[in-house]
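Trainee: My structure is below; once you've seen it, I'll send some questions.
The values are calculated or read from the model by the stated rules, or taken from the named source; none is laboratory data. Please read all numbers here as calculations on a predicted model, not as lab measurements. Here the Cβ is made from the backbone with ideal geometry for all residues, glycine too, and neighbour counts use every protein chain on show. Just the protein is used for accessible areas: all its heavy atoms, side chains included, with ligands, DNA and RNA removed. Shrake-Rupley method; radii C 1.70, N 1.55, O 1.52, S 1.80 Å.
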Amino acid sequence: AQPATYTFEGKEIRPLGKENDKAFALINALDASQKSQAILSYRVSDLVLGPTQDGRTIQPEGLRASALTPAQQTMLLDIVHEWAGIMHDAYAAPRMAEIRAALADTYFAWSGPTTNGSAAYFRIQGPTLVIEYAPQGSVDHIHTIYRDPTNDYGAKIARR
């Protein structure tokens with residue numbers, strides 16, 4: 001998304017605004033121990049699994065969703081739904097059910113400041129899910145991906 005905020009017909013438009021705001025709400029809902037697990041010890045400034053990384057997998061990092069309270073897990077799933085819910089409900093509902101079923105093995109990782117309005121990277125990674133959100137230098141140019149590493153480019157369907 002670029003620009004990340006603009007005005008159209010007198011209304012402020014924020015592509016990826018809900019995704020951003022919900023992620024900042026979650027990182028700031030974590031207690032100190034949870035934050036220390038979620039916040040990576042190194043800086044991430046762009047997508048790790050973006051272009052030219054097809055088929056690549058990485059070790060999950062950050063805070064495991066099983067260490068979240070039920071309310072925090074709901075917040076995490078609400079962020080995921082911003083991407084998975086783009087699809088028609090007939091496809092989004094089973095996808096969300098699949099993600100929810102693997103929630104205990106899903107991780108939330110953060111890099112950067114925790115004050116909304118700052119450029120911060122986050123990743124949500126589970127057995128069948130990778131979401132990355134990576135502002136590029138400022139909050140006005142954002143790279144993001146939503147992948148199922150077990151079904152890149154519909155490989156499951158293509159193999160039939």
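Trainee: Kindly indicate whether any position in the stretch 90-97 is over 10 Å from the mean Cα position of the chain (by Cα) and on the phi > 0 side of the Ramachandran plot.
Mentor: No, every residue in the stretch 90-97 fails to be over 10 Å from the mean Cα position of the chain (by Cα) and on the phi > 0 side of the Ramachandran plot.
Trainee: Can I ask one more? If residue 72 passes every condition in (1) open to solvent by less than 20 Å² (accessible area, probe 1.4 Å); (2) within 21 Å of residue 149 (Cα to Cα) but one, which one does it miss?
Mentor: (2)
Trainee: Could you grab me the full set of residues in the stretch 25-62 that are open to solvent by 60 Å² or more (accessible area, probe 1.4 Å), of a type outside the set (Gly, Ala, Ser), free of Cβ contacts under 8 Å to residues at least 40 places away in the same chain and part of a loop (DSSP other than H, G, I, E, B)?
Mentor: 31, 51, 52, 56, 59
Trainee: So, one more: If we keep just the residues of the stretch 95-124 that are outside any helix (DSSP H, G or I) and among the small types (Gly, Ala, Ser), which is surrounded by the fewest Cβ atoms within 10 Å (Cβ to Cβ)? Reasoning before the result, please.
Mentor: Here is the first cut: in the stretch 95-124, the residues outside any helix (DSSP H, G or I) are 102, 106-124.
Now narrow it down to the ones that are among the small types (Gly, Ala, Ser): 102, 109, 111-112, 117-120.
Values: 102: 13, 109: 20, 111: 20, 112: 18, 117: 10, 118: 12, 119: 17, 120: 22.
Once the filter is applied, the top-ranked residue is 117.
Trainee: Could you list, in sequence order, all residues of the stretch 131-160 that are surrounded by 21 or more Cβ atoms within 10 Å (Cβ to Cβ) and either at pLDDT below 95 or under 10 Å from the mean Cα position of the chain (by Cα) (or both)?
Mentor: 131, 132, 133, 134
Trainee: Go through the stretch 11-24 residue by residue and tally those that are free of Cβ contacts under 8 Å to residues at least 60 places away in the same chain and among the small types (Gly, Ala, Ser).
Mentor: Looking only at that region, the number is 1.
Trainee: Moving on to the next point. Take residue 73 and tell me if it is more than 14 Å from the chain's Cα centre (by Cα) and outside any loop (DSSP other than H, G, I, E, B). If you could, list the steps in order and put the result at the bottom.
Mentor: On the way: more than 14 Å from the chain's Cα centre (by Cα): no; outside any loop (DSSP other than H, G, I, E, B): yes.
Judged against the criteria, residue 73 is not a match.
Trainee: Being in contact with a Gly (Cβ under 7 Å, 6 or more places away or on another chain), open to solvent by less than 50 Å² (accessible area, probe 1.4 Å) and of a type in the set (A, V, I, L, M) is true for just one of 92, 84, 65. Which residue is that?
Mentor: Values: 84 fails: in contact with a Gly (Cβ under 7 Å, 6 or more places away or on another chain); 65 fails: in contact with a Gly (Cβ under 7 Å, 6 or more places away or on another chain).
92 is the lone residue from the list that is in contact with a Gly (Cβ under 7 Å, 6 or more places away or on another chain), open to solvent by less than 50 Å² (accessible area, probe 1.4 Å) and of a type in the set (A, V, I, L, M).
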